[in-house]
Every structure is written in C-alpha cells, then in structure tokens.
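The values are calculated or read from the model by the stated rules, or taken from the named source; none is laboratory data. What you are looking at is a predicted structure, and each value in this text was computed from that prediction instead of being measured. Neighbour counts run over all protein chains shown; Cβ positions are idealised from the backbone, glycine included. These area figures cover heavy atoms from the full protein model, side chains too; ligands, DNA and RNA do not enter into them. Shrake-Rupley method; radii C 1.70, N 1.55, O 1.52, S 1.80 Å.
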Amino acid sequence: MSDACIFCRIVGGTIPATLVASNAYGVAFRDLFPQAPSHLLVIPRRHVASLAEATDGAELGALMLLAAEVARLEGMEDAGYRVVANTGKDGGQTVHHLHLHVLGGRTMHWPPG
Ligand code: 5GP
Ligand code: ZN
C-alpha cells in the first residue's frame with residue numbers, strides 16, 4: 001500500500017471510486033475517463049506495479065475471474081468484451097499499479113492503436 005499510488009488509495013478508500021465488484025484479491029471500479037460505454041478497471045488489493053512484476057498466479061487468476069464477473073454484471077457476456085493489461089512504456093501504462101481494463105458495450109477494433 002503506497003500513499004503515492006492512486007490505485008492503492010482507491011483500495012484504501014481515500015480516493016473515491018465507483019466500485020462495481022470485489023473479491024479477496026482485488027477490486028473493480030469504473031474508469032474515470034471511459035473509452036467505451038462500459039469501461040471498468042480490475043486491480044489487486046496489494047500494490048503490484050505491473051504485469052511484469054506479477055508473481056502470484058492465484059492473485060492473477062482471481063483478477064481475471066473478477067474481470068469476467070464485472071463483464072457479466074455489465075451485461076456484456078453474450079455480446080463480448082475486451083480485457084487489456086497495458087504494461088510498461090510501450091504498452092501505454094500510465095498508472096503503475098497493475099490493472100485490467102474491461103471494455104465493452106460497443107464493437108472493439110483490431111489492431112489496437
Ligand atoms: P493505463 O493508461 O495505465 O493503462 O490506465 C490507467 C487508467 O486509469 C486510465 O484509463 C485512466 O482513465 C484511469 N484513471 C486514472 N486516474 C483515475 C482515478 O483517479 N480514478 C479512476 N476511476 N480511474 C482513473
Ligand atoms: Zn498501488
């Protein structure tokens with residue numbers, strides 16, 4: 001837990017966020033600047049800087065299952081959705097606390113930018 005990390009502060013409750021779901025390993029909340037009709041972020045409760053630093057398979061598995069759960073809650077299961085983990089500089093990561101973007105509610109394009 002780091003006071004300097006905005007996502008740690010969302011987990012700790014000192015920065016408000018619209019929480020959608022949670023489990024023992026992570027929390028899911030709405031992205032402040034949504035890039036699709038549904039845009040959620042799924043993050044670990046503990047500070048992990050990025051996917052490159054992740055070591056706990058149980059934690060990563062729980063985060064993926066939470067991503068699927070929020071997609072279900074958002075009603076995106078049948079139409080489909082996208083799960084993305086921007087990682088590092090070339091990956092476009094701007095917040096250095098591991099997060100899964102869950103995007104849907106419209107058709108996603110490929111390749112991404
Ligand atoms: P990245 O660019 O690191 O893959 O994604 C970071 C995401 O966090 C962006 O989509 C951005 O809109 C979102 N974000 C940044 N600050 C906040 C915040 O304070 N609250 C919420 N809910 N989302 C944030
Ligand atoms: Zn953090």
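Contact map, the stretch 64-87: first residue open to solvent by less than 50 Å² (accessible area, probe 1.4 Å), second residue assigned to a helix (DSSP H, G or I) and away from ligand 1 (no atom under 15 Å from the Cβ), Cβ cut-off under 9 Å, separation 6 or more or different chains; pairs are GLY80/ALA71. Filtering the stretch 51-62 for residues that are of a type outside the set (S, T, N, Q), open to solvent by less than 90 Å² (accessible area, probe 1.4 Å) and within 11 Å of ligand 1 (Cβ to nearest atom) leaves a non-empty set. Considering only residues in the stretch 21-40 that are over 21 Å from THR94 (Cβ atoms) and more than 16 Å from ligand 2 (Cβ to nearest atom), the one that is least open to solvent (accessible area, probe 1.4 Å) turns out to be ALA21.
Would you check which residues across the stretch 8-46 are in contact (Cβ under 8 Å) with a residue 24 or more places away in the chain and within 8 Å of ligand 1 (Cβ to nearest atom) and list them? Listed by number, the residues that qualify are ILE10, ASP31, GLN35, HIS39, LEU41.
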